[in-house]
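One structure is given here, and the rest of the page talks about it.
Bear in mind that the values in this text are calculations on the coordinates, not laboratory data. These numbers come from a predicted model, not from an experiment. Note: ideal-geometry Cβ built from the backbone for every residue, glycine included; neighbour counts use all protein chains shown.
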Amino acid sequence: MAGKFELKQAKNGKFHFNLLAGNGQIIFSSQMYESKASAANGISSVQKNGGDESRFERKEAKNGSPYFVLKAGNSQVIGQSEQYSSKAAMENGIQSVMKNAPDAPTVEV
């Protein structure tokens, strides 16, 4: 099973999306967007930038857990990963985004 984007409307009326791997696990989450169209543009940006290794910034949370953010060409953060238990697991997450994002379909939930 291939990866997919899930586009959702939050209780506050804003929109966000997650990129899921083929196994259904969330590998990337967006910020909140004011409109569905803006969230769809965010998905397009992940599809465009998600295959480019240089767009990923590796970070460390306050508790020491590694995570990553994906940035657009203008250096704006598009979204981020969950926190991982190790740097190796984070690198696997980046590879999963790079593999799944470019061709992933969008499903509204």
Amide hydrogen neighbours beyond the local backbone of Gly3, cut-off 5 Å, H modeled: Gly22
Expressed in angstrom and rounded, the centroid-to-centroid distance over alpha carbons for the range 69-83 and the range 1-62 is 9 Å
Return the calculated 222 nm mean residue ellipticity for the chain, to the nearest 500 deg cm²/dmol, obtained by summing -39500 (n - 2.57) across DSSP H runs with n ≥ 4 and dividing by the residue count. -8500 deg cm²/dmol
Let me spell out the model: positive unit charges on the Cβ of Lys and Arg, negative unit charges on the Cβ of Asp and Glu, origin at the Cα centre of the chain. What dipole size does that give, in debye rounded to 20? 200 debye
Go from 0 up to the bin containing the longest alpha carbon distance in the range 50-109, width 5 Å each, and give me the % of pairs per bin. 4, 19, 27, 23, 17, 9, 2
If every alpha-carbon in the chain counts as one equal scatterer, what log10 I(q)/I(0) does Debye give at q = 0.10, 0.14, 0.22 1/Å? -0.25, -0.50, -1.20
Multiply the residue gap between Ser54 and Ser29 by 0.36 nm, knock off their C-alpha separation, and tell me the result in nm, one decimal place. 7.1 nm
Listed pairs Lys8/Lys59; Lys36/Lys62; Lys36/Lys71 exceeding 24 Å between Cα atoms: Lys8/Lys59; Lys36/Lys62
In nm, the gap between the two label points placed 7 Å beyond Cα toward Cβ at Lys36 and Tyr67 is 2.8 nm
